[in-house]
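*Asks:* A single structure is presented below for examination.
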Amino acid sequence: ALGVTSAPVWRSTIFGRFSPVENFNVDIQTRWRTSLRLSGDPTHVITSGRVPSATFTNINLGYLIKGAGTRQAELFINVGNLFNQAAPPAAFYGGQTIPGQQTTFAFYDDPLGRTYTFGVRARF
């Protein structure tokens, strides 16, 4: 069962949106997963083989500018991993002999920490 990765028993994503004023939206997304084993192979014996549960929250602020007809633009800022939650350590062994594939976090987690994205979406 080489290459079998483990998966959490439960995962959930909660998404909420509210508009405190006209044309301004606040979107909040929270992802959560249960704890998981280091290996998806039940025959592996690992001394401390659990990775704790994890929660990551993202927020997006968007302001819509309406033009003539169907023309519109949205200015937005997104903050990924808003609370800068560190991914729980998970020393996966699966890629240890393949350069560049050794990971230290679960595949479902956010290893980057807090990130910022600014942009404009436009429709003409």
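*Asks:* Asp110 versus (1) surrounded by 13 or more Cβ atoms within 10 Å (Cβ to Cβ); (2) modelled with pLDDT of 90 or more: which is the lone unmet condition?
*Replies:* (2)
*Asks:* Select, from Arg17, Arg31, Arg71, the only residue that is open to solvent by 30 Å² or more (accessible area, probe 1.4 Å) and modelled with pLDDT under 95.
*Replies:* Being open to solvent by 30 Å² or more (accessible area, probe 1.4 Å) and modelled with pLDDT under 95 holds for just one of Arg17, Arg31, Arg71, which is Arg71.
The values are calculated or read from the model by the stated rules, or taken from the named source; none is laboratory data. Nothing here was measured: the structure is a model prediction, and the numbers come from that model. Cβ coordinates were reconstructed from backbone atoms using ideal geometry, including for glycine residues, and neighbour counts include every protein chain displayed. For accessibility, only protein heavy atoms count, side chains too; no ligands or nucleic acids. Shrake-Rupley method; radii C 1.70, N 1.55, O 1.52, S 1.80 Å.
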